[in-house]
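Written out below as C-alpha cells is the structure these notes cover.
The values are calculated or read from the model by the stated rules, or taken from the named source; none is laboratory data. Remember, it's a predicted structure, so these values are computed and weren't measured experimentally. Glycine also receives a Cβ, built like all others from the backbone with ideal geometry; neighbour counts cover every protein chain displayed. Keep in mind that these areas ignore ligands, DNA and RNA; they rest on the heavy atoms of the full protein, side chains included. Shrake-Rupley method; radii C 1.70, N 1.55, O 1.52, S 1.80 Å.
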Amino acid sequence: MWNWKFIKLSLQVRERLKKLKLTKSDIKHVGDVFREEILAALDENQSSLQMENTYIPELPDGTEEGKYLALDLGGTNFRVLLLELANGQILKEEFNFYHISDEARLGCGIELFDYLADCVKDFMGLKKIPIDAK
C-alpha cells in the first residue's frame, strides 16, 4: 500500500520540478538564441560560445583502416585519443584527458595551441608513437 509520507514527498518533488518544465515556446526561444550565438561566433562577433574553426577535408566514409589520433577540445578538457579502426569501426580506443586552465582557455590562442601540441606530444610519448608516424 502507498505510504502517505512517500506520496507527500512525491507531490513536493513534482511541485519543484514544475518550474523546470519548458513549454514549446520556451524551447523555441532557447533554440533561437542558440542559433544566434552560433551565427555570431561563426562571423567572429561577440558570442557566449567559444568556438575555433576546424578544417576537415572530408568526412569518414566507413572504409577507414589503421590507427588514428583524434583530438577533442571541450570547454575545460582536451582529450587525445588513439583509435584503431577496421572497416570504419573502432576496434580499440585509448585516451587521456588533459585539463585546460582558464588562463590557457581564455588567453592568447598561440599559448592554447602550444599547450595542445604539448599534450599531443605527451600522449604520443606515453603510447610510444614515433614523432614522425603517419
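Looking only at the range 79-107, which residues are part of a loop (DSSP other than H, G, I, E, B) and out of contact with any Asp or Glu (no Cβ under 9 Å at 6 or more places or on another chain)?
Answer for the range 79-107, where residues must be part of a loop (DSSP other than H, G, I, E, B) and out of contact with any Asp or Glu (no Cβ under 9 Å at 6 or more places or on another chain): Ile100, Ser101, Gly107.
Hey, could you check the range 58-110 for residues that are charged (D, E, K, R), surrounded by 11 or more Cβ atoms within 10 Å (Cβ to Cβ) and in contact (Cβ under 8 Å) with a residue 12 or more places away in the chain and say which is nearest to Gln46 (Cα to Cα)?
If we take residues in the range 58-110 being charged (D, E, K, R), surrounded by 11 or more Cβ atoms within 10 Å (Cβ to Cβ) and in contact (Cβ under 8 Å) with a residue 12 or more places away in the chain, then Arg105 is nearest to Gln46 (Cα to Cα).
So is Ser10 assigned to a helix (DSSP H, G or I), modelled with pLDDT under 90 and of a type in the set (Ser, Thr, Tyr) or not? Steps first, please.
Numbers: assigned to a helix (DSSP H, G or I): yes; modelled with pLDDT under 90: yes; of a type in the set (Ser, Thr, Tyr): yes.
So Ser10 fits the description; yes.
Could you check how many residues of the range 15-31 are farther than 24 Å from Ser48 by Cα and under 23 Å from the mean Cα position of the chain (by Cα)?
Count: 0.
For Leu71, state whether it is aliphatic (A, V, I, L, M), in a strand (DSSP E or B), at pLDDT below 95 and closer than 17 Å to Phe123 by Cβ.
Criteria met by Leu71.
Residue-wise test of (1) assigned to a helix (DSSP H, G or I); (2) among the acidic types (Asp, Glu); (3) within 25 Å of Leu106 (Cβ to Cβ); (4) open to solvent by less than 100 Å² (accessible area, probe 1.4 Å).
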position: Asp26; (1), (2), (3), (4): yes, yes, no, yes
position: Gly31; (1), (2), (3), (4): yes, no, no, yes
position: Phe34; (1), (2), (3), (4): yes, no, yes, no
position: Asn45; (1), (2), (3), (4): no, no, yes, yes
